[in-house]
């Protein structure tokens, strides 16, 4: 019995400790960290597969250079990444460094949960904002308000299947081509058999807004929101943006060159370009490494087609490393951040992603690996500011209304697109007003 | 003095008798004392053994529930501290069209899939209750799908329902029928998921099978001798005796179906056109995509109340249609 009570007592004590009841009896972690010779940094990312392998290689180099610092990388699947980071923040246990996607950057900056990194971009750290490509660097960061060390910044370009072009007796697309040429090619590349589409000319992003209507709005000379990010009326429903949206919707409903958003979703995670189901895809460079390894896949890359303004422009997907404001290991974390911003990191990291740092040597090495990547590197200068990062809560206030509008317009071909745009603008204004007055 | 003596004598006798009784009763008392002591030890042991569960329940169930109730009266975006807004979230619900849409989708799904699931699982249980060769193999085959993870099942069914290359449309094509877009068609997406829900009837089926095997053969034989037809025996003997299992499966199915999430999360993202916007998926969107934790907590409590009321209604009416053999 005594033994049983003893065991139960120990069990209860262990549970109390686990629940934090016994925290008063536990030594202070900060004091422990200061006196300990080794520091363990926690770093969270959504990278996985080859991206994560590359990271681990870079981290191994850093650990070798800094033997008193151990880095624990936690790879969290993309779908669970933000819920996990946010709940960790809510209970004060967020990682020392975390990767933040561009759409979350404004909320993180406002929250006070991440530290300003202005101090790093000074001669003391041998770092300057001039080391970076401004279009990419200032997507989340603002002059004088730097919170993110950019990881990479993918710009949108069109990847095309050379074999399909040859089979359709079409010339490969060239820089300076237009959206009308894109449609003409895509129509020729769409193949139907027995009433079923077996090959689509293009894979449009559906309700994915970035390379969809945001890209087209830029090319048509329009905007979705005002520059201060507080209103949609007068911008989303302006003539230029309306024309861009109608053009985009017509590619689905009249030209039938792309699977609809729900058709695309029904394929799950299958890469329709790689599996030979689509010929053209406006996207980032993230799948090129996989494409390179497929000896049967011949692909090329061309800049985004030009819109009526004939002004080259492209959107970007970017992410940056942020420093948790309550970290107990600030100095070590800053050291790692500094390493993330270095040329050494880019070279060890296997040139993963389109770099934000200006570095002709790194660029040359990347082009040597894959000549097609040169288009992504060249087009960085045309990256337009992201509307996503210019409002407080894009994913809550703007994105659902735009996606609903697009879904209705694409799935119900007879719907009045102008009217749907007006409704969306009204809804977004109401959401923004509510959010900015709270 | 006499009186005094007498009193003294009487008292002495009483004391003597008491002593005698004590001597006689002491083993009994001792046994009782030992028993009490044993009882106390057993009680202590009971409390020690249930303590981990109690701590777990308080920390991981009741505590979070009470906190979520508090959160439902606040505005909280996870970054800043929760701000008390009274009944604001609950008031907002009534004017939120997506709240009503999610409730509508979940209700339709539950109203159709719960009875459908019960009927199909009962039919399968009856089939598996027959004495045929290889019965255990059939039982295993039919139960197996219900132990496969929801995400895996959802991924498989995305391909089954694929309008271009899916198994279902290929089969329909062989019959000369052009299949619909299933998950990509707003009119077909919810019926597709209802159809898919039948994949998991194995759990209910096992409970029905256990119930069917508890039915005394003598009752069925007696009914046969009285001239009852097969249908009559099923309706008047099998169903009443099976009614506790039906009640159990009904309550659990209602709870499970109102909490449907995985299919929407993995297969449809609530679309197309919100046609599969399940309640719990909408709650998740509010919590982790829009960071409306307070609003999500309010949604959670409304769902809790809906499920509680439905369960109470089922249990209250069960007195009229559930029969226990001991009664």
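Taking the condition within 13 Å of chain A (Cβ to nearest Cβ), out of contact with any strand residue (DSSP E or B) (no Cβ under 6 Å at 6 or more places or on another chain), at pLDDT below 95 and closer than 23 Å to residue B:257 by Cα, does residue B:151 pass?
So residue B:151 passes the test.
Could you tell me whether region B:266-287 includes any residue that is away from chain A (no Cβ under 13 Å), over 22 Å from residue A:262 (Cβ atoms) and either part of a loop (DSSP other than H, G, I, E, B) or touching a residue at least 40 places away in the same chain (Cβ under 8 Å) (or both)?
No, the conditions are met nowhere in region B:266-287.
So which residues in region A:142-158 are in a strand (DSSP E or B) and in contact with a helix residue (DSSP H, G or I) (Cβ under 8 Å, 6 or more places away or on another chain)?
If the condition is that a residue be in a strand (DSSP E or B) and in contact with a helix residue (DSSP H, G or I) (Cβ under 8 Å, 6 or more places away or on another chain), then A:145, A:149, A:150, A:151, A:153, A:154, A:155, A:157, A:158 are the ones that fit.
Residue-by-condition table, conditions (1) at pLDDT below 95; (2) closer than 28 Å to residue B:263 by Cβ; (3) more than 20 Å from the chain's Cα centre (by Cα):
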{"position": "A:251", "(1), (2), (3)": "no, no, yes"}
{"position": "A:259", "(1), (2), (3)": "yes, yes, yes"}
{"position": "A:267", "(1), (2), (3)": "yes, yes, yes"}
{"position": "A:270", "(1), (2), (3)": "yes, yes, no"}
{"position": "A:289", "(1), (2), (3)": "yes, no, no"}
{"position": "A:296", "(1), (2), (3)": "yes, no, yes"}
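Test residue B:156 against the stated conditions and say whether it is within 14 Å of chain A (Cβ to nearest Cβ), under 30 Å from residue B:282 (Cα atoms), assigned to a helix (DSSP H, G or I) and free of Cβ contacts under 8 Å to residues at least 60 places away in the same chain.
The answer is yes for residue B:156.
So, of the residues in region B:162-190 that are in contact with a helix residue (DSSP H, G or I) (Cβ under 8 Å, 6 or more places away or on another chain) and touching a residue at least 40 places away in the same chain (Cβ under 8 Å), which turns out to be farthest from the other protein chains (Cβ to nearest Cβ)?
B:190
Looking only at region A:134-141, decide whether some residue is free of Cβ contacts under 8 Å to residues at least 40 places away in the same chain, assigned to a helix (DSSP H, G or I) and within 14 Å of another protein chain (Cβ to nearest Cβ).
There is no residue in region A:134-141 that is free of Cβ contacts under 8 Å to residues at least 40 places away in the same chain, assigned to a helix (DSSP H, G or I) and within 14 Å of another protein chain (Cβ to nearest Cβ).
What number goes with the only condition from (1) at pLDDT below 90; (2) within 19 Å of residue A:376 (Cα to Cα) that residue A:304 does not pass?
(1)
Give just the number: which of (1) modelled with pLDDT under 95; (2) surrounded by 14 or more Cβ atoms within 10 Å (Cβ to Cβ); (3) more than 12 Å from chain A (Cβ to nearest Cβ) does residue B:89 not satisfy?
Here residue B:89 meets the rest and fails (1).
Only one of these is out of contact with any helix residue (DSSP H, G or I) (no Cβ under 6 Å at 6 or more places or on another chain), assigned by TED's automatic domain parsing to the domain that holds residue A:148, closer than 27 Å to residue A:435 by Cβ and crowded, with 18+ Cβ neighbours inside 10 Å: A:109, A:113. Name it.
A:109
Quick one: would you say residue A:406 is crowded, with 19+ Cβ neighbours inside 10 Å, within 30 Å of residue A:50 (Cβ to Cβ) and within 24 Å of the chain's Cα centre (by Cα)?
No; evaluated as a whole, the condition is false for this residue.
Is it the case that residue B:291 is crowded, with 19+ Cβ neighbours inside 10 Å and either within 14 Å of chain A (Cβ to nearest Cβ) or in contact (Cβ under 8 Å) with a residue 24 or more places away in the chain (or both)?
yes
For the condition under 25 Å from residue B:255 (Cα atoms) and surrounded by 14 or more Cβ atoms within 10 Å (Cβ to Cβ), what is the one hit in B:71, B:58, B:78, B:51?
One residue alone meets the criteria, B:71.
For region A:89-104, give me each residue that is farther than 23 Å from residue A:141 by Cβ and either within 15 Å of the chain's Cα centre (by Cα) or free of Cβ contacts under 8 Å to residues at least 60 places away in the same chain (or both).
A:90, A:91, A:93
Restricting to region B:92-117, count the residues that are within 14 Å of chain A (Cβ to nearest Cβ) and under 22 Å from the mean Cα position of the chain (by Cα).
1
Hey, does region A:128-148 have a residue that's more than 20 Å from residue A:318 (Cβ to Cβ) and either assigned by TED's automatic domain parsing to the domain that holds residue A:376 or surrounded by fewer than 21 Cβ atoms within 10 Å (Cβ to Cβ) (or both)?
no
Return the only residue of B:136, B:81 being over 30 Å from residue B:206 (Cβ atoms) and either within 14 Å of chain A (Cβ to nearest Cβ) or part of a helix (DSSP H, G or I) (or both).
The match here is B:81.
Cβ contacts < 7 Å: first residue within 14 Å of residue B:213 (Cβ to Cβ), restricted to region B:112-128; second residue surrounded by fewer than 16 Cβ atoms within 10 Å (Cβ to Cβ), any location; separation 6+ or different chain. Result?
B:128/B:135; B:128/B:138
Which of the residues that make up region A:63-85 are more than 21 Å from the chain's Cα centre (by Cα), buried (at least 20 other Cβ atoms within 10 Å of the Cβ) and either outside any strand (DSSP E or B) or within 14 Å of chain B (Cβ to nearest Cβ) (or both)?
none
Go through region A:177-204 residue by residue and tally those that are in a loop (DSSP other than H, G, I, E, B), within 14 Å of chain B (Cβ to nearest Cβ) and crowded, with 21+ Cβ neighbours inside 10 Å.
1
Do we find a residue being farther than 15 Å from residue A:324 by Cβ and assigned to a helix (DSSP H, G or I) anywhere in region A:86-96?
no
So, in region A:403-417, of the ones that are under 18 Å from residue A:224 (Cβ atoms) and in contact with a helix residue (DSSP H, G or I) (Cβ under 6 Å, 6 or more places away or on another chain), which residue ends up farthest from the other protein chains (Cβ to nearest Cβ)?
A:417
The values are calculated or read from the model by the stated rules, or taken from the named source; none is laboratory data. Given the structure is predicted, the values throughout are model-derived calculations rather than measurements. As a convention, Cβ positions derive from the backbone with ideal geometry for all residues, glycine included, and neighbour counts pool all protein chains shown.
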